[in-house]
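Data first, discussion second: the structure below is written as structure tokens.
Where a number appears in this text, it was derived from the coordinates with a stated rule and is not lab data. This structure is a prediction, so every number in the text was calculated from the model and none was measured. Positions of Cβ are backbone-derived with ideal geometry, glycine not excepted, and every protein chain shown enters the neighbour counts.
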């Protein structure tokens, strides 16, 4: 990877949590429409996830973009694998691929 100091924190969050959303704001109070849309999808699917507010730490905010080689936030990870941003998550939700991805990776969905 890189010697970016934020990478260790980012990797730790991704490895310690089955589902992680790097977002602007929090799951309860998203601070951008794209983050809000992904939170809404995850809540609708019924998957527990950890939201990481990139607005609280500029190192993480810039580091996650470098870590994933993806230029935008939000970013969704399932069991350590980068899934994508808002458009990809929405598209996967609409086609049923998102729920399948959780099932394939052994992430239990809760009844909404």
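Indicate, rounded to the nearest 5 percent, the antiparallel portion of the DSSP beta bridges found entirely in the range 6-101. Show your work: numbers first, answer last.
Values: 8 of 12 bridges.
DSSP beta bridges in the range 6-101 are roughly 65 percent antiparallel.
With contacts defined as alpha carbon pairs under 8 Å and 6 or more residues apart, what's the relative contact order of the chain in percent?
Computed over the chain, the figure is 32 percent.
Using only Cα atoms, tell me the angle between helix 86-95 and the longest principal axis of the chain; keep it within 0 to 90° and round to the nearest 10.
Here the helix axis deviates by roughly 20 degrees.
So how far apart, in nm, are the two label points at residue 57 and residue 11 if each is 7 Å from Cα heading toward Cβ?
Between residue 57 and residue 11, the label points sit 1.4 nm apart.
With everything on Cα atoms, drop me the angle between helix 6-16 and the longest principal axis of the chain, reported from 0 to 90° to the nearest 10.
So the inclination is approximately 30 degrees.
Is the range 14-89 best put as rounded, prolate or oblate by its Cα gyration tensor, with a ≥ b ≥ c the root eigenvalues, rounded for a/c under 1.5, and otherwise prolate when a/b is larger than b/c, oblate when not?
Rounded shape, in that the Cα axes give a/c under 1.5.
Using a basic spin-label model with each label point 7 Å from the Cα along Cα→Cβ, how many nm lie between residue 26 and residue 70?
Taking the simple label geometry, residue 26 and residue 70 are separated by 2.3 nm.
Multiplying the sequence separation of residue 3 and residue 110 by 0.36 nm and subtracting their Cα-Cα distance, what value in nm do you get? Intermediate results must be reported in sequence, preceding the final value.
Values: separation 107, 0.36 × 107 = 38.52 nm, distance 3.80 nm.
In short, 34.7 nm is gained.
Enter the angle in degrees (range 0 to 90, nearest 10) between the Cα long axis of helix 33-45 and the first principal axis of the Cα atoms of the chain, meaning the one along which they spread out most.
40
Once you have the Cα-Cα distance between residue 50 and residue 94, take 0.36 nm times their residue separation minus that, and quote the gain in nm to one decimal.
Here the segment from residue 50 to residue 94 would lengthen by 13.6 nm.
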